[in-house]
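These notes are about the structure you will find just below.
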Amino acid sequence: MKKLSLTLAPAMALAAAAGPAQAQSSVNLYALVDVNVSHYSAGSKSGAVDDTAVNDGTTNGLNGSRWGIKAYEDLGGGLKAGVLLESGVLADTGNLGQGGRSFGRQGYIFLSSASLGELRLGRQYIFEDSVMWQTNPFGNALTLNPGTGVTNVGKGLPFWLNAPRADNVIQWQSLNYGGFQAAVQVAPQEGAQDRFHGLKLSYGAGAFNTAVSYEWNKSQTESGNVNRSLTLAANYDFGSVKVLGGVQRNSELRTTSGNGAFIGSNLVVTGPVSFTAEQINGYTLGAEVPWGRFLFGANYTGVKYESATGQSLSLGKVALGARYGLSKTTFVYASASQATGDLKDYIAQRSVTQAGLRVSF
């Protein structure tokens, strides 16, 4: 997205007077607004009714609406320091997103080195979000998004896990070595929150990209680790078509961690049988096709919910979407999805159709 640079003359003058160690600073202000209209056809056993809603882009959109500030200072010798503050805005209502946080999307400080990589401290995206982004057309967007949850007989139920942020995160990311890059995250145990850990390894070379993340919590209330989440992605761009896919495996799921890969409040699955899920395992496969200013996409995503005693139920969705670029920063889009599997009649989103507009500056 475009970024509006604000020149702070007095500060720059002071930086210049201070000498080469403060040679350059910048402050960038940016914003994005995304709104869509979605129609939901409910499953016959879901207890829900068909519904039409105006949504912010956080639901079925290309991007969640936001505004943010990014600033950095060049300290010289390949060292930079900076901050990123990003606020989520629900453009359909004007309310703050992420539970009403002032900077709920991101809020961190960073120090980067041309030889050692980058250190970040604060609220930031966890790794499974960026890995999952590589598995599906449009990158975690529209009704093709594997990370969009469902309403199962009145209760929110995750599809693929996608938190997608964590608080109090300490992150280090390496430099890129021949296409390979590694990163690690730790969020210490604070208050009632479990300690959170994350690892990521990625590789990109030309048309081929792949990445894997593994995340878990160290539980305060029981021995061992919980909310283990492994996400693997790969895609290849043939030019006329881009093929994308991935898998996710989640085990020892608990609702009590409060921070990390799973922060939901419900794992009770209601269908032909009912049980509490301890594992959620999924896969997705899709394709993107560019055509002029259009980008078309299609995918299928499936999950299986499993209890500790071996009960299981499946849920899937087939989805189609299209995006048209009116400019480099303004897009119109539309998509549709249809649920499959054991739980298709038990969710409020058995079929979804939507169309929207996204503008950034």
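Indicate the gyration tensor shape class of segment 147-220 (rounded, prolate or oblate), computed on the Cα atoms with a ≥ b ≥ c the square roots of the eigenvalues: a/c under 1.5 is rounded; otherwise a/b larger than b/c is prolate and the rest oblate. Let's see the in-between values first.
Working: a/c = 3.57, a/b = 1.35, b/c = 2.64.
The shape class here is oblate.
Say the cut-off is 18 Å between C-alpha atoms; which of 218/304; 200/317; 242/304; 304/344; 317/344 go over it?
Details: 218/304 25 Å; 200/317 27 Å; 242/304 26 Å; 304/344 13 Å; 317/344 9 Å.
Correct reply: 218/304; 200/317; 242/304.
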Quick one: net charge around residue 159, please, counting Lys, Arg +1 and Asp, Glu -1 for every other residue with C-beta under 12 Å from its C-beta. +2
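How big is the dipole moment of the chain about its Cα centre under a simple scheme where the beta carbon of each Lys and Arg is +1, that of each Asp and Glu is -1, and everything else is neutral? Debye, nearest 20, please. Intermediate results must be reported in sequence, preceding the final value.
Values: 27 positive and 23 negative charges, 93 e Å.
Using only the charged Cβ atoms, the result is roughly 440 debye.
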Using the Karplus curve 6.51 cos²θ - 1.76 cosθ + 1.60 with θ = phi - 60°, work out ³J(HN,Hα) for each residue of segment 113-130 in order, rounded to whole Hz, and write x for Gly and Pro. 10, 5, 10, 10, x, 10, 10, 10, 10, x, 7, 7, 5, 8, 5, 4, 5, 6
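Among 64-71, 175-182, what's the highest-first ranking by average C-beta atoms within 10 angstrom per residue? Please report the intermediate quantities before stating the final value.
Details: 64-71: 20.0, 175-182: 12.6.
Going from most to least packed, we get 64-71, 175-182.
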Length-normalised contact order of the chain in % [C-alpha pairs under 8 Å, at least 6 apart]: 17 percent
Residue among 52, 24, 214 farthest towards the positive dipole end of the chain, charges placed on Cβ: 24
Once the in-chain neighbours fewer than 8 apart are removed, the aspartates and glutamates whose Cα is under 15 Å from residue 155 read 345
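Starting from the Cα gyration tensor of segment 64-148, take the square roots of the eigenvalues, sort them a ≥ b ≥ c, and report rounded, prolate or oblate (rounded when a/c is under 1.5, otherwise prolate if a/b is larger than b/c, else oblate).
Details: a/c = 2.87, a/b = 1.48, b/c = 1.93.
Because a/c hits 1.5 or more and a/b fails to exceed b/c, segment 64-148 counts as oblate.
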Pairing the Cα long axis of helix 9-18 with the longest principal axis of the chain, what angle in degrees results, from 0 to 90 and rounded to the nearest 10? 60 degrees
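Output the direction-averaged projected area (hull surface divided by four) of the convex hull of the alpha-carbon atoms of segment 4-360, in nm².
19.3 nm²
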Table column - 3J(HN,Hα) (Hz), segment 278-284, Karplus curve with 6.51, -1.76, 1.60, x for Gly and Pro: 10, 10, 9, 10, x, 8, 8
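Every read-out reported here was derived from the displayed coordinates using simple, explicitly stated rules and does not represent laboratory data. Everything numeric in this text was worked out from a predicted model, so none of it was measured. In this analysis, Cβ positions are derived from the backbone assuming ideal geometry, glycine residues included, and neighbour counts consider all displayed protein chains.
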